[in-house]
Number of protein chains: 2
Amino acid sequence: MPPPDPITAALLVIGDEILSGRTKDKNIGIVAEFLADLGIELREVRVVPDEIAEIVAALNALRGRYTYVFSTGGLGPTHDDVTAEAVAKAFGVPLLEDPRAIALMLQRIKSEDLNAARRRMARIPQGAELVENAISKAPGFRIGNVIVMAGVPAIMQAMLVAAAPKLNTGRKTISKTIEVGDMPEGAFAGELSAEAARHPRISIGSYPSYKDGRFANQIVVRGKDAADVEAAAAAIESMLAALRAEGKDKYTIT
Amino acid sequence: MPPPDPITAALLVIGDEILSGRTKDKNIGIVAEFLADLGIELREVRVVPDEIAEIVAALNALRGRYTYVFSTGGLGPTHDDVTAEAVAKAFGVPLLEDPRAIALMLQRIKSEDLNAARRRMARIPQGAELVENAISKAPGFRIGNVIVMAGVPAIMQAMLVAAAPKLNTGRKTISKTIEVGDMPEGAFAGELSAEAARHPRISIGSYPSYKDGRFANQIVVRGKDAADVEAAAAAIESMLAALRAEGKDKYTIT
């Protein structure tokens, strides 16, 4: 029996503030970890400005290609919040004030405070399901395979948690990290490539970091089967030990 | 005389480790700020895995659309470093060991340490200019309008600095941030939208944040002309002061 198709996802980050450098995105890392834990493979991320045409084009490119598309940002009450309008346009459905969303918002604010700007946050593409959050009460939504979430990380996380029970999930990827220390990547790259060829069901990544004038390396072994991951990791540990024993773990910096 | 065309850019972040959540990207924020300081508008970011077909497709989609494309990641000596190969393929040119790159690398390591894996890092698409970095010596490169950089943030920054003198730059965007405090977005969103309509050359963003159970808001005013930015910011400050004076700066949370 062939393995089941992987469950895949893309993330669309919507916001001028990320592209201008004003806000440093935190949502990519949060969504990546959350989906990995569910066995959903995040395959692509895009960041686009608060412009309807850009959001529609990105959504339509992504939603046909991946099992799910998650978006963050652009759901607030101000004029630069255009995500709901863009999603409705991408799906070709009307954007209507949703009584369910109004009811949720009235759990937090009084009806006399529900002005026109706040009512914008209750506009939901026709046919969407709401995705609630306990923090601000103004909901995100899911339409088709697209899950539309707020940009504020705490609210986004609450919406991820709320949307999760209705997602199809796959087999979780297991990963094991090998601390290589200061042995340079170039010293083990050839042997690591051979190990990667010997373990075709395993993904092997080598990740240098640089701090205070020194490099350090980690090798990450990832796969769906725990025994496969352990076997590949053990083979790599042996390979590294052999290089150290042969004195090939250093090079002379001139 | 019409204003000159803006100088635009896209960033392509290459790396399984960002998509898996293992590494939290820092390069998007660094590149965004760096380009904003040069007057180059970052218009789109994509994150793709270490797969040649994905990198080629993204590069070809982006390089026709923006003045520049910057990429980060995938330039190392290991088997999962496939960026140079993908860029050569996207441009339809051979990927050749470059004597200039070898010479740079030999500034740091001895020739007996220049093994096959390290020589991979000297493979440069034919016709590209090198982009040097003082840290690891292994260069990035520029081919056409695409600037290809390492993924380690310190090395990536060194390459950005090295590539910058040859970039066409635009008029820098000036921004002014107004601290709104805890006045909710929904209290000023209608009036802010009216201000945005009155200042068409100015981009106005409203950014809530949430910490320890409290919201705080900032309004950011951005434009190319300092007087325009000051005028819009002053109008928004007056509008907020008027709302406070009318007692419309709070709502009752039920």
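Descriptive notes on the structure:
Table: residues versus (1) charged (D, E, K, R); (2) touching a Leu at 6+ places or on another chain (Cβ under 8 Å); (3) over 11 Å from A:ARG120 (Cβ atoms).
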residue: A:ILE55; (1), (2), (3): no, yes, yes
residue: A:ALA58; (1), (2), (3): no, yes, yes
residue: A:ARG63; (1), (2), (3): yes, no, yes
residue: A:TYR68; (1), (2), (3): no, yes, yes
residue: A:GLY76; (1), (2), (3): no, no, no
residue: A:ALA84; (1), (2), (3): no, yes, no
residue: A:VAL87; (1), (2), (3): no, yes, yes
residue: A:GLY92; (1), (2), (3): no, no, yes
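- Just so you know, in segment A:241-254 the residues that are hydrophobic (A, V, I, L, M, F, W, C) and within 13 Å of another protein chain (Cβ to nearest Cβ) include one that is most open to solvent (accessible area, probe 1.4 Å), and it is A:ILE253.
- Qualifying residue in segment B:111-123 (condition: away from every other protein chain (no Cβ under 14 Å), hydrophobic (A, V, I, L, M, F, W, C) and open to solvent by less than 20 Å² (accessible area, probe 1.4 Å)): no
- Filtered residues of segment A:127-156 (kept if small (Gly, Ala, Ser), buried (at least 23 other Cβ atoms within 10 Å of the Cβ) and under 20 Å from the mean Cα position of the chain (by Cα)): A:GLY140, A:ALA150, A:GLY151
- The single residue among B:ALA216, B:ALA162, B:ALA187 that is touching an Asp or Glu at 6+ places or on another chain (Cβ under 8 Å), open to solvent by less than 70 Å² (accessible area, probe 1.4 Å), in the same structural domain as B:TYR68 (by TED's automatic domain parsing) and on the phi < 0 side of the Ramachandran plot turns out to be B:ALA162.
- Members of segment A:83-102 that are in contact with a strand residue (DSSP E or B) (Cβ under 7 Å, 6 or more places away or on another chain), assigned to a helix (DSSP H, G or I) and of a type outside the set (S, T, N, Q): A:ALA84, A:GLU85, A:VAL87, A:ALA88, A:PHE91, A:ARG100, A:ALA101
- Failed condition for A:ARG65, given (1) away from every other protein chain (no Cβ under 13 Å); (2) in a loop (DSSP other than H, G, I, E, B); (3) of a type outside the set (A, V, I, L, M): (1)
- Scanning segment B:126-158 for residues that are in a loop (DSSP other than H, G, I, E, B) and among the small types (Gly, Ala, Ser) turns up B:GLY127, B:ALA128, B:ALA134, B:SER136, B:ALA138, B:GLY144, B:ALA150, B:GLY151.
- Applying the criterion of being open to solvent by 30 Å² or more (accessible area, probe 1.4 Å) and within 14 Å of chain B (Cβ to nearest Cβ) to the residues of segment A:79-100, the residue that is modelled with the lowest pLDDT is A:HIS79.
- A:GLY76 meets the conditions (1) within 13 Å of chain B (Cβ to nearest Cβ); (2) at pLDDT 95 or above; (3) in contact with a helix residue (DSSP H, G or I) (Cβ under 7 Å, 6 or more places away or on another chain) in every case but one. The failed one is (2).
- For segment B:159-181, the set of residues classified as assigned to a strand (DSSP E or B) and not aliphatic (A, V, I, L, M) consists of B:SER175, B:LYS176, B:THR177, B:GLU179, B:GLY181, listed by residue number.
- Taken together, A:ALA103, A:ALA61, A:ALA53 contain a single residue that is open to solvent by 30 Å² or more (accessible area, probe 1.4 Å), within 18 Å of B:LEU19 (Cβ to Cβ) and of a type in the set (A, V, I, L, M), which is A:ALA61.
- Exactly one residue out of A:ARG171, A:ARG198 is open to solvent by 60 Å² or more (accessible area, probe 1.4 Å) and at pLDDT 95 or above, and it is A:ARG198.
- Test: B:ALA226 is more than 30 Å from B:ARG171 (Cβ to Cβ) and more than 9 Å from chain A (Cβ to nearest Cβ): no
- Enumeration of residues in segment A:24-50 that are more than 7 Å from chain B (Cβ to nearest Cβ), part of a loop (DSSP other than H, G, I, E, B) and open to solvent by 10 Å² or more (accessible area, probe 1.4 Å): A:LYS26, A:ASP50
- Just one of (1) part of a loop (DSSP other than H, G, I, E, B); (2) more than 25 Å from A:MET105 (Cβ to Cβ); (3) of a type in the set (A, V, I, L, M, F, W, C) fails for A:ALA10. It is (1).
- Complete set of residues in segment A:187-201 that are among the hydrophobic types (A, V, I, L, M, F, W, C) and touching a strand residue (DSSP E or B) at 6+ places or on another chain (Cβ under 8 Å): A:PHE188, A:ALA189, A:LEU192, A:ALA196
The values are calculated or read from the model by the stated rules, or taken from the named source; none is laboratory data. Not measured: the values here are computed from a predicted model. FYI the Cβ positions are ideal-geometry reconstructions off the backbone, even for glycines, and counts take in every protein chain you see. Surface areas here come from the heavy atoms of the whole protein model, side chains and all, with no ligands, DNA or RNA. Shrake-Rupley method; radii C 1.70, N 1.55, O 1.52, S 1.80 Å.
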